[in-house]
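Okay, structure first, notes after.
Computed from the coordinates by the stated procedures, all read-outs in this text should not be read as laboratory data. Computed from a predicted model, the values in this text were never measured in an experiment. Don't worry about glycine lacking a Cβ; one is built from the backbone with ideal geometry, like all the others, and counts go over all protein chains shown.
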Amino acid sequence: MKIKSTEFVISAVGPSQYPEGDLPEVALAGRSNVGKSSLINKMLLRRNLARTSQQPGKTQTLNYYMIHAELGELFFVDFPGYGYARVSKSEREAWGKMIERYLREREPLKLVLQLVDVRHPPSADDVRMYEWLSHYGIPMIVVATKADKVSRSQWPKHLKVIRQTLGMPGHVPLVLFSSETGQGRDELWSLIAQAAGL
Ligand code: GDP
């Protein structure tokens, strides 16, 4: 995918701030530190658009990035990272409500990428998130991040654990990704383009 330009649009706290129009949206979910900002930057070939290592648990907003690509335009919608222990119960609830409403009502949402760290079996939070997302019937891709941190010979074993722990049916794509090497970038773009109808 050739990217012409990208820009940060808004940190939205609710539906009134979501962009108008009907450009396709691709949402990104994952626990804090899974490599979500790094993936966004790598996908968009921007060094520092999504700030890496934002203060965990402090971003209770949906961050919209607009992408002008060769084949069309779309938004990446970055969910706040989850699974951060020092977040209060009320913050967690607010997070849940915002995400739930978005997933339930947001017409332009075409695809959710759920990121998990390839090195470890998905956490209980990852499993809950996966089940929750699946429940909405929105097309999903699971992305196993930090592929460069596991030796090539071990990849199949790790992918199998991820598939089994999340209970992913065979038709849900599982993409190995590295923001260090760019592995998985082309594959992910082609799946995104397909889902977004570009
Ligand atoms: P976020 O909290 O999910 O946005 O995670 P970040 O993108 O900030 O990444 C968390 C840490 O993991 C940072 O130190 C990144 O440099 C590192 N990281 C992210 N992706 C990769 C990757 O593909 N390979 C390696 N080796 N490190 C990564």
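What is segment 1-115 by shape, rounded, prolate or oblate, if you read a ≥ b ≥ c off the alpha carbon gyration tensor as root eigenvalues and call it rounded for a/c under 1.5, prolate for a/b larger than b/c, and oblate otherwise?
On the way: a/c = 2.11, a/b = 1.32, b/c = 1.60.
Taking the square roots of the gyration eigenvalues as a ≥ b ≥ c, segment 1-115 is oblate.
Which of these, 181, 145, 61, has the largest mean-square fluctuation under a Gaussian network model of the chain (Cα springs below 10 Å)?
Result: 181 has the largest fluctuation of those listed.
Any idea what % of Cα-Cα pairs in the chain are farther than 21 Å?
49
Given 97/149; 36/110; 4/97; 97/157, which pairs have Cα atoms separated by over 25 Å?
Going by Cα-Cα distance, 97/149; 4/97; 97/157 fall outside the 25 Å limit.
Mind checking the dipole of segment 3-196: about its Cα centre, +1 per Lys or Arg Cβ, -1 per Asp or Glu Cβ, Debye to the nearest 20?
About 800 debye.
What residues have an amide H closer than 5 Å to that of residue 183, excluding those fewer than 5 places away on the same chain, when H is modeled at 1.01 Å from N in the peptide plane?
178
Could you check which residue among 122, 24, 169 shows the biggest mean-square fluctuation in a GNM of the chain with a 10 Å Cα cutoff?
Most flexible of the set in this elastic network: 169.
Would you look at the GNM of the chain, springs on alpha carbons closer than 10 Å, and say which of 164, 60, 183 moves the most?
In this elastic network of the chain, the residue with the biggest mean-square fluctuation among 164, 60, 183 is 164.
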